[in-house]
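Here's the structure we're looking at; comments come further down.
The values are calculated or read from the model by the stated rules, or taken from the named source; none is laboratory data. Quick caveat, the model's predicted, so the values are computed rather than measured. All Cβ positions, glycine included, derive from the backbone under ideal geometry; neighbour counts span all protein chains shown. Ligands, DNA and RNA are excluded from the accessible area calculation, which covers all protein heavy atoms including side chains. Shrake-Rupley method; radii C 1.70, N 1.55, O 1.52, S 1.80 Å.
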Amino acid sequence: MARRLYASRTIGVDKNVWVEFTQLAADYKAVNLGQGFPDFSPPQFVQDAFCKAVSGGPQMHQYTRAFGHPRLVKSLAKFFSRIVGQEIDPFEDVLVTVGAYQALFCAFQALIDDGDEVIIVEPFFDCYQPMVLMAGGTAVYVPLRPKGDSTVLSSGDWVLSAEELASKITPRTKAIVINTPNNPLGKVYKVEELQMIADLCIKHDLLCFSDEVYEWLTYDGAKHVKIASLPGMWERTITVGSAGKTFSATGWKVGWAISSGKLIKHMKIIHQNSVYHCATAAQEAVSHGFDREYELFGTPESYFQQLPAMLHQKRQKVASCLRSVGLQPVMPEGGYFMITDISSVRDTKNESYDFRFVKWLIKEKGLATIPVSAFFSPEHSKEFDKYIRFCFVKEDSTLEAAEEILRKWSQKE
């Protein structure tokens with residue numbers, strides 16, 4: 001028998017919802033409200049900064065500091081020290097990565113060991129689970145659930161049971177992973193919910209991986225709070241951020257992890273032995289963006305005010321469209337996704353589950369969305385297969401094309 005040529009760590013982590021549905025949407029030339037990226041340009045000030053960096057001399061085309069371009073780590077440390085209420089050392093407490101994805105990968109590889117258990121709050125971005133497995137850990141799941149039996153109107157109606165979370169903690173538990181604002185739900189964790197998680201982390205000496213890539217996108221008075229800012233949490237929280245989500249430039253692939261240098265130093269080891277370095281010009285441009293936002297923070301001129309204001313209107317547009325065709329959206333408090341209940345059309349064309357329904361919607365109607373059960377573990381996915389996810393960080397023309405497809409479909413049903 002021939003020897004196996006591949007590593008066992010790749011077994012069981014080969015499926016990827018983005019690869020599957022992005023290709024399907026492309027094959028059928030569908031209106032794409034599936035994958036989460038803007039179809040409009042980043043703000044002019046960061047475009048200008050990128051152009052200036054590219055024409056800024058030979059140093060902008062060469063390697064920079066491996067763990068983060070000096071100007072960028074200084075900008076991030078200055079900006080987030082004010083938010084967290086903690087003096088952040090730019091060279092010890094910050095690691096710049098190839099997108100938030102690599103920041104998460106470095107965190108799991110550096111801090112999770114064989115046999116460690118990692119509690120993942122569902123729904124979760126689908127890379128968490130394979131990253132836990134590839135680090136040798138075991139994923140344990142606790143879902144957010146709609147409270148009560150009443151109609152679920154808002155992502156705030158989905159709650160985390162303190163009792164259920166506490167019951168999953170064992171002597172092998174190493175970390176809890178949260179995502180706020182949550183993708184795909186749009187839930188923004190309240191301070192009380194974060195404090196409950198923090199209390200458990202401190203009581204049981206656990207780490208917290210906090211994915212906060214949508215931190216500036218909140219609506220209807222919801223406030224994003226960093227769990228690292230709570231007492232006792234700075235030294236045990238890895239906060240992950242994204243320039244792609246922050247400045248609507250997902251293709252730049254600039255992300256970061258911020259934490260105590262005692263944790264970041266181990267993540268640096270993974271980074272230097274894998275990716276090693278991130279694109280210099282993109283980091284330079286992002287640093288200019290943060291410097292600008294530092295000066296304009298909280299003012300109407302701030303992009304961190306302008307982007308959510310713009311997306312609020314798009315969010316309302318998509319919600320109104322879904323209601324007009326008989327679907328019930330769950331209004332997101334944050335992020336740029338909206339899920340909707342498809343129970344009323346579950347048996348249309350025998351499309352009983354969200355994966356099958358989304359495939360049918362792409363192939364037969366030319367509209368791409370994402371099945372929400374992809375964001376849940378196998379043990380819980382059946383409970384949540386009545387939802388699909390729409391992305392609304394799109395040009396109005398794209399949203400209007402999607403609206404037209406949905407109206408034509410509803411009129412024929």
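Evaluated against (1) over 18 Å from Phe91 (Cβ atoms); (2) in the same structural domain as Phe209 (by the TED database); (3) surrounded by fewer than 24 Cβ atoms within 10 Å (Cβ to Cβ), Val345 falls short on exactly one condition, (2). The set of residues from region 254-279 being surrounded by fewer than 20 Cβ atoms within 10 Å (Cβ to Cβ) and either among the polar types (S, T, N, Q) or not assigned by the TED database to the domain that holds Ser81 (or both) comprises Ser260, Gln272, Asn273, Ser274.
Residues checked against (1) hydroxyl-bearing (Ser, Thr, Tyr); (2) surrounded by 12 or more Cβ atoms within 10 Å (Cβ to Cβ); (3) part of a loop (DSSP other than H, G, I, E, B):
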| position | (1), (2), (3) |
| --- | --- |
| Arg4 | no, no, yes |
| Val13 | no, yes, yes |
| Glu20 | no, yes, no |
| Gln35 | no, yes, yes |
| Pro42 | no, yes, yes |
| Asp48 | no, yes, no |
| Lys52 | no, yes, no |
| Met60 | no, yes, no |
| Gly68 | no, yes, yes |
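When Gln306 is tested against (1) over 30 Å from Leu24 (Cα atoms); (2) in the same structural domain as Asp220 (by the TED database); (3) open to solvent by 10 Å² or more (accessible area, probe 1.4 Å), only condition (2) is not met.
Inspect region 210-220 for any residue being in contact with a Gly (Cβ under 8 Å, 6 or more places away or on another chain) and part of a strand (DSSP E or B) and give the result as yes or no. Give the steps one after another, and end with the answer.
First, pick out the residues of region 210-220 that are in contact with a Gly (Cβ under 8 Å, 6 or more places away or on another chain): 212-215, 217-219.
From the residues that got through so far, the ones that are part of a strand (DSSP E or B) too are 218.
Scanning region 210-220 turns up at least one residue that is in contact with a Gly (Cβ under 8 Å, 6 or more places away or on another chain) and part of a strand (DSSP E or B).
Looking across region 198-213, the residues that are open to solvent by less than 10 Å² (accessible area, probe 1.4 Å) and either over 17 Å from Gly334 (Cβ atoms) or in contact with a Pro (Cβ under 6 Å, 6 or more places away or on another chain) (or both) come down to Ala198, Cys201, Leu206, Cys208, Phe209. Out of everything in region 133-153 that is at pLDDT 95 or above and either in contact with a Ser or Thr (Cβ under 7 Å, 6 or more places away or on another chain) or part of a strand (DSSP E or B) (or both), what residue ends up being most open to solvent (accessible area, probe 1.4 Å)? Here the answer is Thr138. Comparison of Gly156, Gly115 shows that the only residue that is touching a Lys or Arg at 6+ places or on another chain (Cβ under 8 Å) and assigned to a helix (DSSP H, G or I) is Gly156.
Checking the condition part of a helix (DSSP H, G or I) and either touching a Gly at 6+ places or on another chain (Cβ under 8 Å) or not assigned by the TED database to the domain that holds Asn182 (or both), which residue from Ala77, Ala103 passes?
Working: Ala77 fails: either touching a Gly at 6+ places or on another chain (Cβ under 8 Å) or not assigned by the TED database to the domain that holds Asn182 (or both).
Sole residue among the options that is part of a helix (DSSP H, G or I) and either touching a Gly at 6+ places or on another chain (Cβ under 8 Å) or not assigned by the TED database to the domain that holds Asn182 (or both): Ala103.
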